[in-house]
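Here's the structure, in structure tokens; my notes come after.
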Amino acid sequence: MNNKEIVAKAIYAVVKEDLTLEQVANFLENPKTADHGDVAFPAFGLAKAYRKAPQQIAQELAEKIDGTSFEKIEVVGPYLNFFMNKAAITEAVLTRVIKEKNHFGDQSIGMGENVPIDMSSPNIAKPISMGHLRSTVIGNSIGFILEKIGYQPIRINHLGDWGTQFGKLIVAYKKWGSEEAVKAHPINELLRLYVDFHEKAEEDATLEYEARAWFKKLEDGNQEANQLWQWFRDESMKEFNKIYDMLEVSFDSLNGEAFYNDKMAEVVELLEEKHLLASDQGADIVDLSAYDLNPALIRKSDGATLYITRDMAAALYRKRNYHFAKSLYVVGNEQSYHFKQLKAVLKEMDFAWADEMHHIPFGLITKDGKKLSTRKGKIVLLEEVLNEAISLAKEQISEKNPTLENKEEVAKQVGVGAVIFHDLKNDRLNNFDFALEDVVRFEGETGPYVQYAHARAMSILRKADFTPDETKAYPLNDEGSWEVMKYIQRYPETILQAADKYEPSVIAKHAIKLAQAFNKYYANTKILVEDEQKEARLALVYAVTVLLKEDLRLLGLHAPDKM
Ligand code: ARG
């Protein structure tokens, strides 16, 4: 039970006749400052029923309420301020953390049901962009968070490995490419060919025609086209995997757009059966005016299918294959319209489960205030960013702890972790700027700051040679530890909130707050001094290590024991 629930029950016991438990709970507030207690109840809500001044009601309630869970109940004007019994709560919460360890906050709401998460999904033959990085780390973290409340996440990399651009690539490669060049720098070379194609096609219109013909061959299973396509895909995957390895993200499925090539006919048939297809200058469309949306283009006049057709096939496949409870798409905000149309078409087809499909959009990353785009060759190579973050981390670790044994490994965990954390700490829809020097700092609201607080807490436990004992009681009643306790006590709610909103930033913010509260505690309290509360203080430090580590895990970061 959290503090609000405890207070609500205590008040409800004496106002049963006039308010429901829920009404009482809704009146409760969190006071802004600690001197107004932990929970406040404004008595205005009872003024009507009691026909008395709120001040007087507050006074009378204070006398009637059972005070066992509280240190004191103060009346300030119309407010009742409840000060929780810190010792009792600390004792109860610490015992739970010691028993449940990193499973503190787990829930079984998801009942083991599947949740496919469409994430990362870069395009073959193009560099993985900052946007794809966001999708990767946000999707990965949402997976951990949902798993913590009992769902089974299925991480799907819906690769952009199909579409007319592959016709262009084949033409460009055959005319101006070489095997050696692709092998040496796959993505750079494939991107160059692609850019070249567009330049030359401006002068020579037949190129577009040739490209379309090659894509048709690809769709029809032509051997040469398919071999080239497979090779482009393999080479690109090798490069993507370098980044996934650094981020330590893995996927349950790499079924991208190409996987649905042979599943598209069914989509078109289903639409026909349901009389939803209309013809528009030879192309097939679905009217979506009932949803206030533009028509969805399902099939071009040359028979080629589109991005949305492939997403329809994918949605059907996921429903049949995974029987999902819900199906998530972690894709940039700029594709919102696409996902609205996708859901609308499926709703038109009477698939009620389309309501359980959720687009999880996110904002843009800019660098020095400018948008990052691949078009103009202005690509920030992710691998370089990550490597640079690692070397920045290494510098700082060498300074702080020159004798650290596994410096290389810790530098990797801190550097890569810093980039991930920076991405996750803001509400996902916010746009944000990326400057590496700010990201890898050990101070401020950064990943290294949280990791460092964890390592510091671990070192206290080592120094004290402390092992928590779940049969012991660890009560604390001082203000300093209470400030830390608040973030421990609220953990289960924090998890639920993050899961509810699909917001890893809720976890990141919790980690920052807890790390800050702990650092303050550490600065103001002699944790290791020999007195009768020493063990309880250490139990609190232990709980801090468990929760910081769990927060970091949920975000996809390591928590080194030493750094
Ligand atoms: N490959 C696409 C892009 O880079 C993202 C795919 C998102 N997933 C989906 N099912 N449409 O823009």
note = Dimensionless Rg/Rh of region 273-428, both radii on Cα and Rh by Kirkwood, sits at 1.16
query = Which shape class, rounded, prolate or oblate, goes with region 176-242 when its Cα gyration tensor gives a ≥ b ≥ c as root eigenvalues, a/c under 1.5 marks rounded, and past that a/b bigger than b/c marks prolate?
reply = oblate
request  = Note the angle between two axes, namely the Cα long axis of helix 504-524 and the longest principal axis of the Cα atoms of the chain, as a number of degrees from 0 to 90, rounded to the nearest 10.
outcome  = 40 degrees
message = Projecting each Cα onto the charge dipole of the chain (Lys/Arg +1, Asp/Glu -1 at the beta carbon, about the Cα centre), which of SER141, TYR209, HIS185 comes out farthest on the positive side?
response = SER141
key: Mean separation of Cα contacts under 8 Å, 6 or more apart, over the residue count of region 388-512: relative contact order %   = 26 percent
task = Might you report the magnitude of the Cβ-based charge dipole of the chain about its Cα centre, with Lys and Arg at +1 and Asp and Glu at -1, to the nearest 20 debye?
result = 760 debye
Cα-only Debye scattering, region 252-344: base-10 log of I(q)/I(0) at q = 0.14, 0.18 Å⁻¹ = -0.53, -0.89
task = Can you find, among ALA62, ALA304, TYR452, the residue farthest towards the positive end of the dipole of the chain? Put +1 on the C-beta of Lys and Arg, -1 on that of Asp and Glu.
result = ALA62
query = To one decimal place, what orientation-averaged projected area in nm² is obtained for the convex hull of the Cα set of region 33-115?
reply = 9.2 nm²
ask   = How fast does region 64-218 diffuse by Stokes-Einstein, in µm²/s, taking the Kirkwood radius from C-alpha pairs at 4 °C and 1.567 mPa s?
value = 61 µm²/s
query = Dipole of region 55-212 (Lys/Arg Cβ +1, Asp/Glu Cβ -1, origin at the Cα centre): which of TYR79, LEU169, LEU94 lies farthest to the positive side?
reply = LEU94
task = Mind ranking 436-449, 527-540 by how tightly packed they are, going by the mean number of other C-beta atoms within 10 angstrom, highest first?
result = 436-449, 527-540
task = Please list, or write none, the lysines whose alpha carbon is within less than 17 Å of the alpha carbon of LYS509, excluding same-chain residues fewer than 8 places away.
result = LYS425, LYS486, LYS501, LYS520, LYS549
message = How compact is region 449-540 by the rule of thumb for globular proteins, expressed as Cα Rg over 2.2 N^0.38 Å?
response = 1.16
Highest to lowest packing among 153-160, 304-311, 68-75, scored as the average C-beta count within 10 Å = 153-160, 304-311, 68-75
query = Cα axis of helix 186-203 to longest principal axis of the chain: angle in degrees, 0 to 90, nearest 10?
reply = 50 degrees
inquiry  = Counting only helical runs of four or more DSSP H residues, what would the 222 nm mean residue ellipticity of the chain come to if each run contributes -39,500 (n - 2.57) and the total is spread over all its residues?
reply    = -17500 deg cm²/dmol
key: Evaluated at q = 0.19, 0.23, 0.32, 0.33 Å⁻¹: base-10 log I(q)/I(0), Debye formula over Cα of region 283-331   = -0.78, -0.93, -1.06, -1.09
Rounded tilt (10° steps) of 223-247 against the dominant C-alpha axis of the chain = 20 degrees
ask   = From Cα coordinates alone, what are the radius of gyration and Dmax values for region 1-76 in angstrom?
value = 11.6, 33
query = In a Debye calculation with equal point scatterers on the alpha-carbon sites of the chain and no solvent, what is log10 I(q)/I(0) at q = 0.11, 0.12, 0.13 Å⁻¹?
reply = -1.07, -1.18, -1.29
query = Mind checking which lysines have their C-alpha under 22 Å from LYS216, skipping anything on the same chain fewer than 8 residues away?
reply = LYS126, LYS168, LYS174, LYS175, LYS200, LYS263, LYS300
message = If N is the number of residues in region 74-161, what value comes out of its Cα radius of gyration divided by 2.2 N^0.38 Å?
response = 1.79
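Throughout, read-outs are computed from the coordinates displayed, never taken from laboratory work. Keep in mind the model is a prediction, meaning the values are calculated, not measured. As a convention, Cβ positions derive from the backbone with ideal geometry for all residues, glycine included, and neighbour counts pool all protein chains shown.
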